[in-house]
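Asks: Please find one structure pasted underneath; my questions will follow.
The values are calculated or read from the model by the stated rules, or taken from the named source; none is laboratory data. Since the model is a prediction, treat every value here as computed from it, not as a measurement. No Cβ is skipped: glycine too gets one built from the backbone with ideal geometry, and neighbour counts run over all protein chains shown. SASA here: full protein model, heavy atoms, side chains in, ligands and nucleic acids out. Shrake-Rupley method; radii C 1.70, N 1.55, O 1.52, S 1.80 Å.
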Amino acid sequence: MATEVSRPRVLVLGGGISGLTAAWALSGGETPDDSLEVCLIEAAPTFGGKIASTVIEGRRVDLGPDGFLARRPEAVALATHLGLSDQLRVPGASGAGIFARGKIRQMPAKLNLGIPTQWRALAKSRVLGPWALFRAGIDVVAPRHDLRGKLGDRAIGPLIENKLGRRVVETLVDPMIGGIHAGRVADMSAAATFPPLLTAAGTSGSLMHALSASLPPSPSDGEPAAPVFNSLEGSVSSLIDRLVEVVRERGVELLTSTEATALHHDGAGWEITTTSDTLRADGIVLAVPTGPAADLVRPLDEEMAGLLETIDYASVGLVTFVLDEGALPEDLYGTGLLIPSIARRADGSAFLTTAVTYLSSKWPHLQTDGTVLVRVSTGRIDDLRFSALDDQALVAQLTGELEELFGCALRPRATTVARWIDGLPQYRVNHQLRVAGIESAADRQPNMVVTGAAYHGVGIPACIGAAAYAADLLRSKLLET
Ligand SMILES: Cc1cc2nc3c(=O)[nH]c(=O)nc-3n(C[C@H](O)[C@H](O)[C@H](O)COP(=O)(O)OP(=O)(O)OC[C@H]3O[C@@H](n4cnc5c(N)ncnc54)[C@H](O)[C@@H]3O)c2cc1C
């Protein structure tokens, strides 16, 4: 009579895109296999973490990310593997505006992640005044050398300020790179968020010239440009729904409303205390944000907990407006508009708005007759003014700002407020050293890996890539022994 051999059991903590991807990779990835027994626990009542959607006036609209980079392969590859390739959508517009020198202007051409690479294009855009433009031009005629020796890591803001001047940073770079992370480029790591900048700044010549070399190639004549972003017809959250379906079909046990509260290794294996039960496992994937991860590992390794706590998070609010078609001016340019922190309203106060996305122009699948969708972003690591307002007051404030920006009176048909408290991890200078410390501490624990947006990239493709890598590492360890 054959005796059943028990399989190594892995517990994944966290059911966002990182945890779900880890569960998918542990259950074989593209070639399903059941060598491991996998269970995933999620504290919230639903899976997806920062990826969530709702139905607004008959359309399913994302409340968190509305798309993902197409130039990194991981999200498109996963969506394709999950049978969603016919659901992939491309933006219906390109380019963006910026509120600069008192009005909405088109972003300069030839930017590399918000950083100018061509002085002429910068001048043509008129986003800078004459002195700031002259200061940026010094980079072309007499590039400033960096006197601090070999660049291990640097803060993005000061690095660019030295080369191109403060106004370039305040007007373009902080709204763009800072805005993606809801952080500040003043202390954001170049090595972790935009390595080509570090390489370019390490050369002795013009920064703009060096950065132009890392611009994606222009499409040849007649060829359409490859899309930079993709979304999904049924919203980005349909990726989560499908992933849940597929891993469940493979036999992965999935538990919601189950929060891990303590971890303990008794020599034979892990014991995980949760809000509903005590679970056992041979291996652990920690795919939760750094705050809960620190609480869980503190009794095991105080230093690891301390390192995890050095990665903090910015909170943001996203308010989606349904407006009557024609309520906004017809000549809106591109997919949206960025508002630098230095911009001021007519009364001299600072905008709460950090960005406006023309959602239904950006994603044609969201278009319906008679209405347009607009999304307003608010909140930064050092600006929590939105969190002091209740939903009604926040909507009223942001409606007023939209009216001022576009010079029209608005009567929203519907609005939805999403608050992402501790939504975006901050990659500060020397982020990669912190991550190396956390990963080697995890490696000292028996069969533990950490993964998630806090470590190797906040975007969905980066989370997928890192989670699959971490899961494969753990899988090989467990199946070797
Ligand atoms: C507002 C916003 C807009 C964004 N826009 C984009 C975009 O357009 N494109 C893009 O690519 N990326 C975007 N991102 C980034 C991206 O969405 C996130 O980085 C990514 O979804 C994070 O996934 P994750 O699984 O690592 O973490 P999370 O989604 O945070 O998942 C972690 C999960 O762990 C659970 N958890 C916590 N503690 C415990 C515990 N003790 N026990 C069990 N479970 C626990 C949480 O409930 C959560 O579900 C955006 C992020 C935000 C906040």
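Asks: Given the options 354, 22, 129, identify the residue whose Cα lies farthest towards the positive end of the charge dipole of the chain (+1 on Cβ of Lys, Arg; -1 on Cβ of Asp, Glu).
Replies: Ranked along the dipole, the leading option is 129.
Asks: If you don't mind, another one. Can you work out the Karplus-derived ³J(HN,Hα) for every residue in the range 35-52? Use 6.51 cos²θ - 1.76 cosθ + 1.60 with θ = phi - 60°, whole Hz, and x for glycine or proline.
Replies: Rounded to whole hertz, the list is 5, 10, 9, 10, 10, 10, 10, 10, 5, 7, x, 10, 7, x, x, 6, 9, 8.
Asks: Solvent-accessible area of residue 174, probe 1.4 Å, all protein chains present, reported in Å² to the nearest ten, please.
Replies: 20
Asks: As a test question: what accessible area, to the nearest 10 Å², does residue 280 have when a 1.4 Å probe is rolled over all protein chains in place?
Replies: Looks like 100 Å² after rounding.
Asks: Once amide H atoms are placed 1.01 Å from N in the peptide plane, what residues at a sequence separation of 5 or more from residue 16, or on another chain, have their amide H within under 5 Å of its amide H?
Replies: Counting only residues 5 or more places away or on other chains, the set is 48.
Asks: Could you work out the relative contact order of the chain, using alpha carbon pairs under 8 angstrom and six or more residues apart, expressed as a whole percent?
Replies: Numbers: 949 pairs, mean separation 116.1, N = 481.
This gives 24 percent for the chain.
Asks: Amide H of residue 363: which non-local residues (sequence gap of 5 or more, or other chain) have their own amide H closer than 5 Å, using H built in the peptide plane?
Replies: Long-range HN contacts for residue 363: 92.
Asks: If every alpha-carbon in the range 313-425 counts as one equal scatterer, what log10 I(q)/I(0) does Debye give at q = 0.13, 0.15, 0.18, 0.22 1/Å?
Replies: Cα-only, vacuum Debye calculation for the range 313-425: -0.48, -0.64, -0.92, -1.34.
Asks: From the cross-link list 124/362; 50/477; 103/124, which pairs have alpha carbons spaced over 27 Å apart? Working shown, then result.
Replies: Numbers: 124/362 25 Å; 50/477 30 Å; 103/124 15 Å.
The answer is 50/477.
Asks: What's log10 of I(q)/I(0) for the chain at q = 0.09, 0.10 Å⁻¹, Debye sum over Cα points only, no solvent?
Replies: Log10 of I(q)/I(0), two decimals: -0.66, -0.81.
Asks: Per the Kirkwood definition applied to all pairs of different Cα atoms, how many angstroms is the hydrodynamic radius of the range 236-282?
Replies: Numbers: mean 1/r = 0.0801 Å⁻¹.
Evaluated over the range 236-282, this radius sits at 12.5 Å.
Asks: State, as an integer percentage, the relative contact order of the range 1-104 based on alpha-carbon contacts under 8 Å between residues 6 or more apart. Working shown, then result.
Replies: On the way: 90 pairs, mean separation 19.6, N = 104.
Result for the range 1-104 is 19 percent.
Asks: Size of the dipole of the chain about the Cα centre, Lys and Arg at +1 and Asp and Glu at -1 on the beta carbon, nothing else charged, in debye to 20?
Replies: Around 2220 debye, computed over the chain.
Asks: So what is the relative contact order for the range 107-212, in percent, with contacts set as C-alpha pairs under 8 Å and at least six apart?
Replies: For the range 107-212, the relative contact order is 35 percent.
Asks: Can you find, among 405, 337, 420, the residue sitting farthest towards the positive end of the charge dipole of the range 313-425, where Lys and Arg contribute +1 and Asp and Glu -1 at Cβ?
Replies: Going by the charge dipole, the pick is 420.
Asks: Leaving ligands, DNA and RNA out of it, report the carbon-plus-sulfur percent of the accessible area of the range 1-84 at a 1.4 Å probe.
Replies: Reported share for carbon and sulfur atoms: 55 percent.
Asks: Right, next: What list of ³J(HN,Hα) values in whole Hz, one per residue of the range 432-448 in order, does the Karplus curve 6.51 cos²θ - 1.76 cosθ + 1.60 (θ = phi - 60°) give from phi, with Gly and Pro shown as x?
Replies: 5, 5, 4, 5, 4, x, 5, 5, 6, 5, 4, 5, 6, 7, x, 6, 10
Asks: Ranked from the most accessible area to the least, with a 1.4 Å probe and all protein chains present, what is the order of 154, 126, 345, 101? All intermediate terms of the calculation are to be shown ahead of the outcome.
Replies: On the way: 154 20, 126 150, 345 45, 101 130 Å².
Solvent-accessible surface, decreasing: 126, 101, 345, 154.
Asks: Further question: Compute the Cα gyration tensor for the range 389-481, then decide on rounded, prolate or oblate, letting a ≥ b ≥ c be the square roots of its eigenvalues: rounded whenever a/c is under 1.5, prolate when a/b is larger than b/c in the other cases, and oblate in all that remain.
Replies: Because a/c hits 1.5 or more and a/b exceeds b/c, the range 389-481 counts as prolate.
Asks: Between residue 469 and residue 369, 0.36 nm times their residue separation minus their Cα-Cα distance comes to what? If you can, show how the numbers build up before the last one.
Replies: Values: separation 100, 0.36 × 100 = 36.00 nm, distance 4.40 nm.
Between residue 469 and residue 369, full extension yields an extra 31.6 nm.
Asks: Let me ask something additional. Okay, helix-only estimate at 222 nm for the chain: each DSSP H run of n ≥ 4 adds -39500 (n - 2.57), divide by all residues, round to 500 deg cm²/dmol; what do you get?
Replies: -9000 deg cm²/dmol
Asks: Another question, then. Throw me the Rg/Rh for the range 77-184, computed over C-alpha atoms with Kirkwood Rh, two decimals.
Replies: Radius of gyration relative to Kirkwood radius: 1.10.
Asks: Could you order 24, 131, 270 by accessible surface area, starting with the largest, using a probe radius of 1.4 Å?
Replies: 131, 24, 270
Asks: Can you grab the distance from the C-alpha centre of the range 9-24 to the C-alpha centre of the range 224-290, Å, no decimals?
Replies: Centre-to-centre (Cα) distance: 3 Å.
Asks: Using the heavy atoms of the protein chains and a 1.4 angstrom probe, tell me the accessible area per residue for the chain in square angstrom.
Replies: The answer is 45 Å² per residue.
Asks: Could you sort 480, 330 by accessible area so the largest value comes first, with the probe set to 1.4 Å?
Replies: 330, 480
Asks: Measure off, as a whole percent, the carbon and sulfur share of the 1.4 Å-probe accessible area of the range 111-193, all protein chains present.
Replies: Working: 2120 of 3710 Å².
Within the range 111-193, the accessible surface is 57 percent carbon and sulfur.
Asks: Given the C-alpha centroids of the range 47-105 and the range 422-436, what is the distance between them in whole angstrom?
Replies: 24
Asks: Ok, one more. Nearest 5 is fine: what % of DSSP beta bridges in the chain come out antiparallel, could you say? Intermediate values should be presented prior to the final figure.
Replies: Working: 52 of 70 bridges.
Antiparallel bridges make up about 75 percent of those DSSP assigns within the chain.
Asks: At a probe size of 1.4 Å, how large is the accessible area of residue 408, to the nearest 10 Å²?
Replies: Result for residue 408: roughly 30 Å² accessible.
Asks: Could you pull out every residue, at least 5 positions away or on a different chain, whose amide H is within less than 5 Å of the one on residue 312? Hs are placed 1.01 Å off N in the peptide plane, and Pro or chain starts have none.
Replies: Placed amide hydrogens put 426 under 5 Å from residue 312.
Asks: Still on this structure, I have one more. With a/c under 1.5 counting as rounded, go ahead and sort the range 149-201 into rounded, prolate or oblate using the C-alpha gyration tensor (a ≥ b ≥ c being the square roots of the eigenvalues; past the cut-off, prolate if a/b is larger than b/c, else oblate).
Replies: Oblate is the answer for the range 149-201, as a/c is 1.5 or above yet b/c matches or exceeds a/b.
Asks: Work out the length of the dipole vector of the range 95-172 about its Cα centre, built from +1 on the beta-carbon of each Lys and Arg and -1 on the beta-carbon of each Asp and Glu, and round it to the nearest 20 debye.
Replies: Computed charge dipole of the range 95-172: roughly 240 debye.
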